[in-house]
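J.: Pasting a structure here, questions to come.
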Amino acid sequence: MVGDYEFQVSLLEALCRLTPRREREQRANQWFDSSDIRSTFCDIRDADFEVDCRRFLNFVNRYHGDQRRVYTLPCLKAFLSSTQLFRPKDEKLDKFWIDFNVGSGCVSFFIDDPQSFLWGSIHLQMEDVDYYSLKFKQNEMVLCVRLTNPIMHLNTRSHVVELTFDPEHQQELEEAAGRVFNKQASPSGAGGAVRTSPSSDMARSYTRKKPPSKSQLKSESSSAQNLHPDDRLTTRHPQHHHVYCRSWT
């Protein structure tokens, strides 16, 4: 399975566009060994592709267990420094999904941009991560990522992104972050990993020493030209993170 959620979406879109709906059940029997995956694929509706695509890919990726190449976890809260980031305003989006892409070495998620009709998309690339930490704080798991180059959103420009998750996802979160950022949890002082002394807020931090890399800026809106060259915030289609036509044959 391809290790990047957005690439997975592109492949799935191609399958759906090239396969008439009346033929999908037959094709699904040829493409997928699992009856559950075949059934979920056939449930994808053209009119609600974004929602059904998310449901299908989440199911398929989780189906592969420890061998999965994309971990997708629901986020409770997201912050860029002290500025809260919100999921896109779409009534069909049930959760704030965070994708940990092992293949592309990237954590990505979509956010609301009140100054644009486009979705925002933030990518935390492995090569741009100075260090990250996992903390258990106030009955929540907090992933804190510090970047070598800042991210810009609205009037906030910061090197620090914090993502908060339900503690029930702790094991998956540790595994996903370790695989994406190429750093597994290890005892204090080993492998660049440090564990703080036990306290009410238990934490682990991970450091990667490397020369700073240039940040990446991708944008589909003309306003992106006014951003600082080190800022990294991509914008997307208001309802789809890539163009997806509603007309089918």
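The values are calculated or read from the model by the stated rules, or taken from the named source; none is laboratory data. The structure presented is a predicted model; accordingly, all values stated were derived computationally and were not measured. Using ideal geometry, Cβ is built from the backbone for each residue, glycine included, and neighbour counts are taken over all protein chains shown.
J.: Could you please find all residues in the range 90-104 being within 23 Å of Phe7 (Cα to Cα) and outside any strand (DSSP E or B)?
T.: The answer is Asp90, Lys92, Leu93, Asp94, Lys95, Val102, Gly103, Ser104.
J.: Would you pick out the residues in the range 49-71 that are crowded, with 17+ Cβ neighbours inside 10 Å and of a type in the set (Lys, Arg)?
T.: Arg54, Arg68, Arg69
J.: Whether any residue in the range 42-62 is touching a residue at least 60 places away in the same chain (Cβ under 8 Å), touching a Cys at 6+ places or on another chain (Cβ under 9 Å) and more than 30 Å from Ser158 (Cβ to Cβ) is what I want to check.
T.: Our first condition is that a residue be touching a residue at least 60 places away in the same chain (Cβ under 8 Å); within the range 42-62, this holds for 46-47, 49-50, 61.
Keeping just the survivors that are touching a Cys at 6+ places or on another chain (Cβ under 9 Å) gives 46, 49.
If we keep only those that are more than 30 Å from Ser158 (Cβ to Cβ) as well, we get 46, 49.
Yes: the range 42-62 contains one or more residues that are touching a residue at least 60 places away in the same chain (Cβ under 8 Å), touching a Cys at 6+ places or on another chain (Cβ under 9 Å) and more than 30 Å from Ser158 (Cβ to Cβ).
J.: Still on this structure: Determine which member of the set Asp36, Asp46 is in contact with a helix residue (DSSP H, G or I) (Cβ under 9 Å, 6 or more places away or on another chain), surrounded by 14 or more Cβ atoms within 10 Å (Cβ to Cβ) and over 23 Å from Val160 (Cα atoms).
T.: None of the others qualify; the one that does is Asp46.
J.: Just checking, which of Thr164, Thr148, Thr207 is at pLDDT 85 or above, more than 27 Å from Asp90 (Cα to Cα), among the polar types (S, T, N, Q) and in contact with a Lys or Arg (Cβ under 9 Å, 6 or more places away or on another chain)?
T.: Numbers: Thr164 fails: more than 27 Å from Asp90 (Cα to Cα); Thr207 fails: at pLDDT 85 or above.
Selected residue: Thr148, the only one of Thr164, Thr148, Thr207 that is at pLDDT 85 or above, more than 27 Å from Asp90 (Cα to Cα), among the polar types (S, T, N, Q) and in contact with a Lys or Arg (Cβ under 9 Å, 6 or more places away or on another chain).
J.: Related question: Could you list, in sequence order, the residues of the range 1-15 that are in a helix (DSSP H, G or I), in contact (Cβ under 8 Å) with a residue 40 or more places away in the chain and of a type in the set (A, V, I, L, M, F, W, C)?
T.: Keep residues of the range 1-15 that are in a helix (DSSP H, G or I), which gives 5-15.
Adding the requirement that they be in contact (Cβ under 8 Å) with a residue 40 or more places away in the chain leaves 5-10, 12-13.
Answer for the range 1-15, where residues must be in a helix (DSSP H, G or I), in contact (Cβ under 8 Å) with a residue 40 or more places away in the chain and of a type in the set (A, V, I, L, M, F, W, C): Phe7, Val9, Leu12.
J.: Select from the range 72-92 the residues that are surrounded by fewer than 13 Cβ atoms within 10 Å (Cβ to Cβ) and at pLDDT 95 or above and list them in ascending order.
T.: none
J.: Inside the range 105-144, can you point out the residues that are part of a strand (DSSP E or B) and farther than 23 Å from Arg54 by Cβ?
T.: Val129, Asp130, Tyr131, Tyr132, Ser133, Leu134, Lys135, Phe136, Lys137, Glu140, Val142, Cys144, listed by residue number.
J.: Pick out the one residue from Leu118, Leu134 that is surrounded by fewer than 22 Cβ atoms within 10 Å (Cβ to Cβ) and modelled with pLDDT under 85.
T.: Leu118
J.: Going residue by residue through the range 103-123, is there one that turns out to be in contact with a helix residue (DSSP H, G or I) (Cβ under 6 Å, 6 or more places away or on another chain) and within 24 Å of Arg21 (Cβ to Cβ)?
T.: No, the range 103-123 has no match at all.
J.: In the range 66-89, how many are of a type in the set (Asp, Glu) and assigned to a strand (DSSP E or B)?
T.: Residues in the range 66-89 being of a type in the set (Asp, Glu) and assigned to a strand (DSSP E or B): 0 in total.
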